[in-house]
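The values are calculated or read from the model by the stated rules, or taken from the named source; none is laboratory data. Predicted, not measured: the structure shown is a model, and the values here were computed from it. FYI the Cβ positions are ideal-geometry reconstructions off the backbone, even for glycines, and counts take in every protein chain you see. Only protein heavy atoms, including side chains, enter the accessible area calculation; ligands, DNA and RNA are left aside. Shrake-Rupley method; radii C 1.70, N 1.55, O 1.52, S 1.80 Å.
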Amino acid sequence: MRPLKLTMSAFGCYADVQTIDFAELGVGLYLIAGETGSGKTTIFDAISFALFGKASGAGRDDYAMLRSDFAEDKAKTYVELDFACGEGSYSVRRAIRRTGQEVELTLSDGTVMSGDRNTKAKIAEIVGLDRDQFAQIVMIAQNDFMRFLSSGTDERLAILRRIFGTGALKQFQERLKARSKRERERRELIIHDFERHGVDVYRREERFAEWAAQIAADRAALAAADGRLAQCDKAKQALAAALAVAEELGKKFADLAACRATLEAHAGQAAEIERARRRAARGETALRAVRPLALDAARAAANHQAALDALDAARRQEAAALEELRQAAQAVGGLPPLAEAQSALAARTREWEAVQARLKKLDQLKASRAEIAAGQERLSAAQTAYESAEAAFAEADGRHRALEAAFLRNQAGVLARGLADGHPCPVCGSKEHPSPAALSDEAVSEEGLKKARAAKEKAGAQREQQSAACGALAAEVETLIRVFLTDFAAFSPDADWAQSGPALAALLSHTRGEAAALTAQREADERALAELTRRWEAATGRKTAAESAHQAATVLTSERTANARKLSGLSDDAKARYAEALRAHRFADEAAYLAALVTEAELANLKRQVADYEKDGERLERDTLRLTRETADREQPDLAALRADAAAVAAEASALSARRDEVKARLNQTSGALAELRRAAVDFDAVERAYAAVKQLAETANGKLDFETYAQTAYFERILRAANQRLKLMSQHRYTLLRQTASGDGRRRSGLEIEVLDAYTGKARPANSLSGGESFMASLSLALGLSDVVQQSAGGIRLDAMFIDEGFGSLDAEVLDLAIRTLGEMAGADRTIGIISHVSELRERIDRQVWVEKTPAGSRVHVNA
């Protein structure tokens, strides 16, 4: 896959439409350069987003992250990529909105496909990679490949698992481990069941035989106990029947004696019950007829007193509010005027602004002097160049004149050689030739003369060019000096160019000191004004609150005065109704009423006491008459003898039952344990065989060099071989990456550790002992090797483009040249490699560049092919 053209709109840090024509850059190396944060990596984000709907980095996939903050509201966010793959050319356009993405893919035959579901599989088919493989192969980020070099086996294991899809092997290991654990737990559970019964699982048959004999003996003892218990039950039933009849008769004799004694005591309570009856009648009158009016009078009096207390509190509150209002008004009156402080700050600010403007003008004049000095240096250099050009012209002119004179002399000699007396000269027409020209000793060709003339003209043109440059620079410097002196006259009218330098320095120093002093004074005035403003706001706020509080307190006092007057009349009316009720119900005074008053509970208790007394008298008379009839002509039975016989039979039956229960419990326990362990023995044999089969396999697959790591070492060694092809060139055959086969820590997993063979020492050492530049070379070599192996693993897919992000700043000039040469050889004549970097040395080594310019309105791209 090779990108041909990329168009971005409102994407990332690009506000408007930006287009990069990769076809214009051609094949080989090119540089994507720009300031930090200008949006270099965003270019690859856009390529990844166009193809797969996701940026290259994590956390940059939603609308808020991809939409440019610089873009106008109406601008659409989209990326369009034209790319070549194999013999075909394709175009994909993907737009992003708040509600989701819209994608359209144009195939090489012109067929158009739309919708993420339809295009996703087709793009993966065309490119031959998914998004993660694409990011790992095409976009090599410094942090990622530096981390791959310095990570340990566990971290590399996770990286290679993600790249080569060895997770299935890891899952197979885990399933083996889980299967072994399940079989072990089943085995241990069965062994635990045997141990719970005190049985050795491997000597179980001996205990089973002992339990079988014990079960037979217990069953015989249980049958004998059941026969004797049946006999005891018959005897207990006969004695229980006789004892029940005797106890019933004895109870009747006892109840008759108790009834007679209770009836006699009941007759002695008659006078007390009569007093209770009178107390209940008088108390009910006081409770029902008088108490409600007494409560009304008490409530009315309490309400009146509460109103008087509230009125007193309101009056105190009104006095306090008046005092607070007086103090607040006094506080406002004691503050300095706010307007004076504001005016003083305004004047100070104007003075400060004037000094700042003067300082800014002086700084501009200082910059102008620096610009003039630079112009003078350029003029001096141009004058020197002019002098050299003048000397070169003089030399070329002299050479041309000499060759021209010699050429003319030779031409005259050739002509004179053909003259004869009596024949006219073709030049002057004379027929006499007394002094014919002779041939020159110096042979000059017409071609040589032309070259001399061309050299003279070229030198003259260079002289004129340098003369024009000197004139322009001299005019520019003169104009700048004139403008400078005109501007500087506002500060020093009589100063010339020589005097202006020291004068400007002195003015700048003085003005900066004055500006610093005014800044400090202005800040102090601002703080003082802020503090005075705060005090004014606090004081006026306090006064306003005090006025509101005093007004509210005055209203409250008025309201509570009226309420107290009203409640006083209500209290007097309630007291009059209470006194009338006392007279109507013949209570001499309030003390007599209170003495007669009872509670609801006391009244109910008195009434219940009278009613219970009457009911108990009637019941006792009935019971005494009945029991007298039932015990006539009967004698009291001998209960003690009957109970002794029943107790003896019950004791024997209890002892028999306890022994029977003990035997029964032992029999049930032994029988249950025997049946349970016989079933467990069958399960144990099966589990033992299964556990033995899976245990060794699980331990082997999950050992120090586990199954997945063992499989990944093949990929890892291929990566190292591919990486060493580049590293040997970049390190000038000094370093070779090796897979470390032995781990120094027996507790850690190993197999994917890296060590570096140093050809200078002939010894291998840890990869983290490399310097920063050496680490970058090793890391880049690993990344390129990983890219090669991943391409081979992805079905031999060949990618005609690659991006490498940063990392070149740690290399010295020689190593940087080696790295660039290695990448150039890797690119060859049919592959493009883009280096994303802000290292300035790369701009001098790589001619083809994509320059990313960061501006306040968003980034822009420029292609220099």
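Got a number for residues in the stretch 79-114 being more than 29 Å from Ala15 (Cβ to Cβ) and under 34 Å from the mean Cα position of the chain (by Cα)?
Total satisfying the criteria: 0.
Select from the stretch 556-583 the residues that are open to solvent by 70 Å² or more (accessible area, probe 1.4 Å) and under 17 Å from Arg291 (Cβ atoms) and write down the one among them that is farthest from the chain's Cα centre (by Cα).
Arg583
State all residues of the stretch 199-211 that are part of a helix (DSSP H, G or I) and β-branched (Val, Ile, Thr); if no residue qualifies, say none.
Selection gives Val201 alone.
Could you identify the single residue in Ala314, Ala286, Ala294, Ala281 that is farther than 18 Å from Glu600 by Cβ, of a type in the set (A, V, I, L, M, F, W, C), out of contact with any Cys (no Cβ under 7 Å at 6 or more places or on another chain) and open to solvent by less than 70 Å² (accessible area, probe 1.4 Å)?
It is Ala314.
Quick check on this structure: which one of Glu80, Glu24, Glu72 is farther than 26 Å from Gly115 by Cβ, of a type outside the set (Lys, Arg) and outside any loop (DSSP other than H, G, I, E, B)?
Glu24
Given the criteria assigned to a helix (DSSP H, G or I) and modelled with pLDDT of 90 or more, does Gly541 qualify?
Judged against the criteria, Gly541 is a match.
Could you list, in sequence order, all residues of the stretch 456-474 that are open to solvent by 50 Å² or more (accessible area, probe 1.4 Å) and over 15 Å from Thr384 (Cβ atoms)?
Across the stretch 456-474, the qualifying residues are Lys456, Glu457, Lys458, Ala461, Glu464, Ala468, Ala472.
Take the stretch 767-789 and flag every residue that is part of a helix (DSSP H, G or I) and without any contact (Cβ under 8 Å) to a residue 40 or more places away in the chain.
Result: Ser769, Gly772.
Considering only the stretch 815-865, state which residues are closer than 22 Å to Pro3 by Cβ, hydrophobic (A, V, I, L, M, F, W, C) and not in a helix (DSSP H, G or I).
Result: Ala829, Ile833, Ile835, Ile836, Ile846, Val850, Trp851, Val852, Val861, Val863, Ala865.
Check whether at least one residue in the stretch 38-58 is open to solvent by 30 Å² or more (accessible area, probe 1.4 Å) and part of a strand (DSSP E or B), and report yes or no.
Scanning the stretch 38-58 turns up no residue that is open to solvent by 30 Å² or more (accessible area, probe 1.4 Å) and part of a strand (DSSP E or B).
Hey, can you tell me all the residues within the stretch 839-857 that are buried (at least 19 other Cβ atoms within 10 Å of the Cβ) and within 17 Å of Ser9 (Cβ to Cβ)?
Of everything in the stretch 839-857, just one residue is buried (at least 19 other Cβ atoms within 10 Å of the Cβ) and within 17 Å of Ser9 (Cβ to Cβ), namely Val852.
Just to verify a result, which residue in the stretch 83-104, among those that are in a strand (DSSP E or B) and within 25 Å of Asp830 (Cβ to Cβ), is most open to solvent (accessible area, probe 1.4 Å)?
Among those residues, the one meeting the criterion is Ser89.
One residue is enough: does the stretch 615-637 have a residue meeting the conditions acidic (Asp, Glu), over 29 Å from Lys234 (Cβ atoms) and in a loop (DSSP other than H, G, I, E, B)?
Yes, some residue in the stretch 615-637 is acidic (Asp, Glu), over 29 Å from Lys234 (Cβ atoms) and in a loop (DSSP other than H, G, I, E, B).
Within the stretch 612-621, is even one residue open to solvent by 100 Å² or more (accessible area, probe 1.4 Å) and within 30 Å of Leu311 (Cα to Cα)?
No; the residues of the stretch 612-621 include none that is open to solvent by 100 Å² or more (accessible area, probe 1.4 Å) and within 30 Å of Leu311 (Cα to Cα).
Answer yes or no as to whether Asp16 is of a type in the set (Asp, Glu), on the phi < 0 side of the Ramachandran plot and assigned to a helix (DSSP H, G or I).
Considered against the rule, which asks whether it is of a type in the set (Asp, Glu), on the phi < 0 side of the Ramachandran plot and assigned to a helix (DSSP H, G or I), Asp16 comes out as no.
So for the stretch 589-609 (the condition being without any contact (Cβ under 8 Å) to a residue 40 or more places away in the chain, part of a loop (DSSP other than H, G, I, E, B), closer than 18 Å to Ala297 by Cβ and over 60 Å from the mean Cα position of the chain (by Cα)), does at least one residue qualify?
yes
Out of the stretch 356-379, which residues are among the hydrophobic types (A, V, I, L, M, F, W, C), over 17 Å from Arg482 (Cβ atoms) and touching a residue at least 12 places away in the same chain (Cβ under 8 Å)?
Selection gives Leu359, Leu362.
Looking at Gln237, Gln231, Gln214 in this structure, which one is assigned to a helix (DSSP H, G or I), of a type outside the set (A, V, I, L, M), touching a Ser or Thr at 6+ places or on another chain (Cβ under 7 Å) and modelled with pLDDT of 80 or more?
Gln214
For residues in the stretch 795-810 being at pLDDT below 70 and open to solvent by 20 Å² or more (accessible area, probe 1.4 Å), which is nearest to Phe22 (Cα to Cα)?
Arg798
Taking interchain pairs and intrachain pairs at least six residues apart, which have beta carbon atoms under 8 angstrom, with the first residue in the stretch 236-260 and under 24 Å from Ala648 (Cβ atoms) and the second loosely packed, with under 13 Cβ neighbours inside 10 Å?
From the stretch 236-260, the pairs are Ala246/Asp638; Leu249/Arg634; Leu249/Gln636; Gly250/Gln636.
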